[in-house]
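Everything below concerns the one structure shown next.
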Amino acid sequence: MTDLTSLTIAEAREGLASKSFTARELTDAHLAAIEAARVLNAYVLETPDRAREMAKAADEKIAKGEGGPLAGIPLGIKDLFATRDIRTTACSKILGNFIPPYESTVTSQLWRDGAVLLGKLNNDEFAMGSSNETSCFGPVTNPWRREGSNTTLVPGGSSGGSASAVAASLCMGATATDTGGSIRQPAAFTATVGIKPTYGRCSRWGIVAFASSLDQAGPIARTTRDAAILMRSMAGHDPKDTTSVDIAVPDYEAAIGKSVKGMKIGIPKEYRLDGMPAEIEKLWSQGTEWLKAAGAEMVPVSLPHTKYALPAYYIVAPAEASSNLARYDGVRFGLREPGKNIVEMFENTRADGFGDEVRRRVLIGTYVLSAGYYDAYYLRAQKVRTLIKKDFEDCFAKGVNAILTPATPSAAFGIGEKGGADPVEMYLNDIFTVTVNMAGLPGIAVPSGKDTQGLPLGLQLIGRPFDEETLFSLGEVIEQAAGRFTAPKWW
Ligand code: GLN
């Protein structure tokens, strides 16, 4: 029998329907793969008993012809999603052994549709980071290595566990979240497909909040089709999230293979950075060639406020984070470090519970929101945000269907290689992705090629609000042209 972990979700769905194997067999194959790959540190909690129970239930439903669209499909869940009765930590010491008495809307929709929970996936602490090195459970290893080298590389972040687990076939797909690039950048670093939907498309209810006006959930999968399949279950209106939008969820999978002929693809000149590596340039022009060959038209566009996006993001995101993280005070969740009085207890708990990067964000956020600085920083950043959004609106008003850019400025880097002396070095990794969050738009990263050292690189497509379908159609064109990339197994 073929290795069940190498199947795509679409293939597994067929295999289950034709009774080539059972959901239980599919789950067991993944549980064995997870056990053999602990060196990657992708999972922070394995839930084999729950997985087998859910797989058994899926088999029973499939037998009765009642299996949902994801019946028996084993998934990994980023540890930012609350899972009922299952430890959820955001990979922060401050949440300790927090066991939520509720389930996030997104995950509950996945279980409603028959998916199986394999376990909780590693991420940067509170999703703050681009390398998964800030997790209290330690860094995640990228299954990809430079050719002829055994240097350990990061999988990107903050959804590093999700990307690594999907790339190493430790689950068929995973949930992830993206505040400034945390779905797309790790997808690009691991040759997986990641989509950040339009803000409001997926409910944020039950997801640990980082920066509420930017956070959005989405899937990471091995193919564009699989990402589309997962998106359909994850998306949808939820009255429990006031920013969730009440628009019907389309059949995203129907967009796969749809013609892109006549589509106008914007190529923004501001994304051509000084000193951009030649291989990123090459990848980008290769992408334009593939889309042209499929009948799309490339149009040069300008997004003049691009250069302000990163600095403005690093005001808005920490500001919202400092407010969201105020709730971790030793009273309600997880860790409590005693003190002489309640104030000292707060202080001790927060000092001990938050890691360095989180503390940095809380300090910056508190500063930019404080009296006297609010107008100069936070308000100014919000105005810049409006201008960034308008850049995209102007572009779309001229008939542009989507925008093509590189997903990241480089391939995956080594653990400990970036940001040690200057955190801004790490922040610069999000240069192509944060604009999309600032504007609330959907963006997809699709594996598109390799660098000179054999590491995967991705292209990003940015779409109109709630037009994820166009991104799936275009992503599929790139995937078909570029082929699929699988990390050689060394673990
Ligand atoms: N790397 C960015 C940050 O650290 C984005 C993280 C994310 O999207 N969650 O804020």
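The values are calculated or read from the model by the stated rules, or taken from the named source; none is laboratory data. No experiment lies behind these values; they were computed from the predicted model shown. Don't worry about glycine lacking a Cβ; one is built from the backbone with ideal geometry, like all the others, and counts go over all protein chains shown. Surface accessibility is based on the protein's heavy atoms, side chains included, excluding ligands, DNA and RNA. Shrake-Rupley method; radii C 1.70, N 1.55, O 1.52, S 1.80 Å.
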* Structure fact -> Expressed as a whole-number percentage, the relative contact order of region 358-491 with C-alpha contacts under 8 angstrom and at least six residues apart is 23
* Structure fact -> Amide H contacts under 5 Å for G449, restricted to residues at least 5 apart in sequence or on another chain and with H modeled in the peptide plane, are L457
* Asked: Got the relative contact order for region 42-195 handy, in percent, Cα pairs under 8 Å and 6 or more residues apart?
  -> 24
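Based on the Cβ-Cβ distance of V331 and T243, what FRET efficiency does E = 1/(1 + (r/R0)^6) give at R0 = 25 Å, to the nearest 0.05? Intermediate values should be presented prior to the final figure.
Details: r = 27 Å, r/R0 = 1.07.
Efficiency, rounded to the nearest 0.05: 0.40.
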* For region 78-147, treating each Cα as an identical point scatterer without solvent, what Debye log10 I(q)/I(0) comes out at q = 0.16, 0.24, 0.26, 0.29 1/Å? -> -0.61, -1.04, -1.13, -1.24
* Collect residues whose amide H, placed 1.01 Å from N in the peptide plane, falls under 5 Å from the amide H of A294; neighbours closer than 5 in sequence don't count. => none
* **Length gained when the stretch A278-T452 is fully extended (0.36 nm per residue, less Cα-Cα span)** => 61.6 nm
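For A376 and L363, compute 0.36 nm times the residue count separating them, minus their Cα-Cα distance, and round to one decimal in nm.
3.0 nm
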* First check a/c for the chain, with a ≥ b ≥ c the square roots of the eigenvalues of its C-alpha gyration tensor; if it is under 1.5, answer rounded, and if not, answer prolate when a/b is larger than b/c or oblate otherwise. => rounded
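With both bridge residues required to lie in the chain, what share of the DSSP beta bridges run antiparallel, to the nearest 5%? Before the final figure, lay out each step's value.
Numbers: 30 of 44 bridges.
So the antiparallel bridges amount to about 70 percent of the total.
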* Which order do T152, T486 take by accessible area at a 1.4 Å probe, largest first? -> T486, T152
* Under Karplus coefficients 6.51, -1.76 and 1.60, residue-wise ³J(HN,Hα) of region 81-93 in Hz, glycine/proline x -> 8, 5, 10, 4, 6, 10, 3, 10, 10, 6, 6, 10, 4
* Asked: Under a plain spin-label model, where a point goes 7 Å from the Cα along Cα-to-Cβ, how far apart in nm are K258 and T151?
  -> 4.2
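Could you order F137, F432 so the one with the most accessible surface comes first? Probe is 1.4 Å. List each step's numbers first, then the result.
Working: F137 70, F432 0 Å².
The residues order as F137, F432, largest area first.
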* Structure fact -> Between A402 and residues 5 or more places away or on another chain, the pairs with built amide H atoms under 5 Å apart involve K264, G266
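Only sites in a loop by DSSP and with at most 15 other Cβ atoms within 10 Å count here; which GluC sites (Glu not before Pro) in region 115-155 make the cut?
Working: sites: E125, E133, E147; in loops: E133, E147.
Here the GluC sites (Glu not before Pro) that fit, given the DSSP loop and packing criteria, are E147.
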* Structure fact -> Residue-ordered couplings for region 177-189, obtained by feeding phi - 60° into the Karplus form 6.51 cos²θ - 1.76 cosθ + 1.60 and rounding to whole Hz (Gly and Pro as x), are 9, 9, 9, x, x, 5, 9, 6, 5, x, 4, 5, 6
* Structure fact -> Checking region 279-345 for trypsin sites (Lys or Arg not before Pro) in a loop per DSSP with at most 14 other beta-carbon atoms within 10 Å yields R332, K340
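Over the chain, what relative contact order in percent results from Cα pairs under 8 Å that are six or more residues apart?
Details: 1200 pairs, mean separation 85.6, N = 491.
Result for the chain is 17 percent.
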* To do: Would you kindly derive the ³J(HN,Hα) couplings of region 373-382 from the backbone phi angles with the Karplus curve 6.51 cos²θ - 1.76 cosθ + 1.60 (θ = phi - 60°), listing them in order in whole Hz, with x for Gly and Pro?
  => 10, 3, 5, 5, 10, 5, 5, 4, 5, 5
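Largest first, what is the accessible-area ranking of Y199, Y252 with a 1.4 Å probe? If you can, show how the numbers build up before the last one.
Working: Y199 50, Y252 0 Å².
If we order Y199, Y252 from most to least accessible, we get Y199, Y252.
Report in % the part of the accessible area of the chain that belongs to carbon and sulfur, leaving out ligands and nucleic acids; probe 1.4 Å. It would help to have the intermediate numbers written out before the result.
Working: 9650 of 18350 Å².
Using a 1.4 Å probe with all protein chains present, the chain comes out at 53 percent carbon and sulfur.
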* To do: Using +1 at the Cβ of each Lys and Arg and -1 at the Cβ of each Asp and Glu in region 105-153, identify which of L118, T105, N142 lies farthest towards the dipole's positive end.
  => L118
* Asked: Counting Lys and Arg as +1 and Asp and Glu as -1, each charge on the Cβ, what is the dipole of region 235-277 about the Cα centre in debye, to the nearest 20?
  -> 380
* Structure fact -> Once S213 and K340 are pulled to full extension, the length gained, defined as 0.36 nm per residue separation minus their Cα-Cα distance, is 42.0 nm
* To do: Can you spot the lysines whose alpha carbon is less than 16 Å from K120's alpha carbon? Ignore those fewer than 8 places along the same chain.
  => K78, K93
* To do: Any chance you could check the Cα centroid distance between region 198-270 and region 20-53 for me, in angstrom?
  => 27
